[in-house]
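The values are calculated or read from the model by the stated rules, or taken from the named source; none is laboratory data. Since the model is a prediction, treat every value here as computed from it, not as a measurement. Cβ placement follows ideal geometry from the backbone for every residue including glycine, while neighbour counts extend to all protein chains displayed. When the accessible area is computed, the model is the full protein with side chains, heavy atoms only, and any ligands, DNA or RNA have been set aside. Shrake-Rupley method; radii C 1.70, N 1.55, O 1.52, S 1.80 Å.
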Amino acid sequence: MTEQNTRFGIILMCCTTFVFAMQDGISRYLADEYNVFLVVMIRYWFFAAFVIALSARQTGGLRRVMRSQHTVLQCIRGALLALEIVVTVVAFTLLGLTETHAIFICYPLIIAALSGPILGEKVGWRRWAAIGVGMIGVLIILEPGHGVFSPAAIVPLVGALMFAVYGLLTRYVARADGSAVSFFYTGTVGMIVMTAIGVFYWEPIVGTDWLWMLTLCCTGILGHWLLIKTYDHAEASAVQPFAYLQLPFAATLGMLAFGETLRVNVAIGSAIVVGAGLFTLWRERTAR
């Protein structure tokens, strides 16, 4: 059992969000050049190899991590995450990193809203109020009738909903399956699903872009490794608020590398959504 060290866990979570933001930037670049199914498929090949290698080192090996009490749900959540990544990367190409992340960060509020009917958890009026405030923040970002509000703006919202359902399914299967089991199905099922789709979109990749593809795969593996280490050293409730740092990291990358701009309404709306999300996390921790 790794000794708990919350301060080190927070540092690791900050590093994790930075790596994932860089991964998003590389994904956006490659998806601008190649079909998104191809990019995500290759990314999952490396991710699945990492998951299988890590699972094989667990006590009991692959046979133990393949044994699930919720095999069907594990397969559904693995496929859902892979498809959510596709949707989100498409959003990067349509709206950019900044506005996609600004909209996507509402997913914890969606989880809180759905945790009652799906998981049977009690959601008090304070958390419902925070959810309502967060949705106002999303509307400020979208500016109905102006700017970012367009059919393209629906894409990151769909991605956020998919990721929220994935998170709820993960919490549900965790009642019977360990994290190693869930991690195994996340990587392997996602790889199978993306390969079944991606092979039909294969296209030649320019030599220099293979370096970016390799970097994308390495950041994916590094990010998940850092996340595992984060939860080894600190409780999820203590480090989860720092996951919101992915938004400023991604926005900074978007502005520096892709010439994106941060509009005032996006900044204000994002601050409201993040504040509502942090309050929701605090209320959930207090309730527990």
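Observations
- Any hit, the stretch 78-101, residues being among the β-branched types (Val, Ile, Thr), open to solvent by 30 Å² or more (accessible area, probe 1.4 Å) and under 16 Å from Ala176 (Cβ atoms): no
- Sole exception among (1) modelled with pLDDT of 85 or more; (2) in contact with a Gly (Cβ under 9 Å, 6 or more places away or on another chain); (3) under 17 Å from Phe18 (Cα atoms); (4) open to solvent by 40 Å² or more (accessible area, probe 1.4 Å) for Tyr231, by number: (1)
- Answer residue from the stretch 256-268, given it is open to solvent by less than 50 Å² (accessible area, probe 1.4 Å) and assigned to a helix (DSSP H, G or I) and is nearest to Phe92 (Cα to Cα) among those: Val266
- Matching residues, the stretch 232-251, being free of Cβ contacts under 8 Å to residues at least 60 places away in the same chain and over 29 Å from Trp125 (Cβ atoms): Pro248
- Yes/no for Arg175 being surrounded by fewer than 16 Cβ atoms within 10 Å (Cβ to Cβ) and closer than 30 Å to Ser55 by Cβ: yes
- Within the set Ala21, Ala31, the sole residue that is closer than 17 Å to Thr208 by Cβ, modelled with pLDDT of 90 or more, within 19 Å of the chain's Cα centre (by Cα) and among the hydrophobic types (A, V, I, L, M, F, W, C) turns out to be Ala31.
- Some residue of the stretch 271-278 being at pLDDT 85 or above, in contact with a Lys or Arg (Cβ under 6 Å, 6 or more places away or on another chain) and under 23 Å from Ala91 (Cα atoms): no
- Here Arg28 qualifies as in contact (Cβ under 8 Å) with a residue 12 or more places away in the chain, of a type in the set (D, E, K, R) and more than 19 Å from Val193 (Cα to Cα).
- Among the residues making up the stretch 207-221, those that are without any contact (Cβ under 8 Å) to a residue 40 or more places away in the chain and either in contact with a helix residue (DSSP H, G or I) (Cβ under 6 Å, 6 or more places away or on another chain) or not hydroxyl-bearing (Ser, Thr, Tyr) (or both) are Gly207, Trp210, Leu211, Leu214.
- Test: residue in the stretch 187-208 that is hydroxyl-bearing (Ser, Thr, Tyr), modelled with pLDDT of 95 or more, closer than 21 Å to Ile85 by Cα and crowded, with 18+ Cβ neighbours inside 10 Å: yes
Table: residues versus (1) free of Cβ contacts under 8 Å to residues at least 60 places away in the same chain; (2) acidic (Asp, Glu); (3) under 20 Å from Thr170 (Cβ atoms).
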site: Gly60; (1), (2), (3): yes, no, no
site: Arg67; (1), (2), (3): no, no, yes
site: Leu73; (1), (2), (3): no, no, yes
site: Val89; (1), (2), (3): no, no, no
site: Ile103; (1), (2), (3): yes, no, no
site: Ser115; (1), (2), (3): yes, no, yes
site: Leu119; (1), (2), (3): yes, no, yes
site: Val123; (1), (2), (3): yes, no, yes
site: Trp128; (1), (2), (3): yes, no, no
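- The test for being within 19 Å of Leu109 (Cβ to Cβ), touching a residue at least 60 places away in the same chain (Cβ under 8 Å), open to solvent by 60 Å² or more (accessible area, probe 1.4 Å) and assigned to a helix (DSSP H, G or I) holds for Ala271.
- Only one of the numbered conditions (1) open to solvent by 50 Å² or more (accessible area, probe 1.4 Å); (2) modelled with pLDDT of 80 or more is not met by His146, and that is (2).
- Residue in the stretch 241-255 that is in a helix (DSSP H, G or I) and surrounded by fewer than 16 Cβ atoms within 10 Å (Cβ to Cβ) present: yes
- The requirement of being of a type in the set (A, V, I, L, M), farther than 22 Å from Ile272 by Cβ and in contact (Cβ under 8 Å) with a residue 40 or more places away in the chain is not satisfied by Val133.
- Of all residues making up the stretch 54-72, the number that are more than 23 Å from Gly198 (Cα to Cα) and part of a helix (DSSP H, G or I): 9
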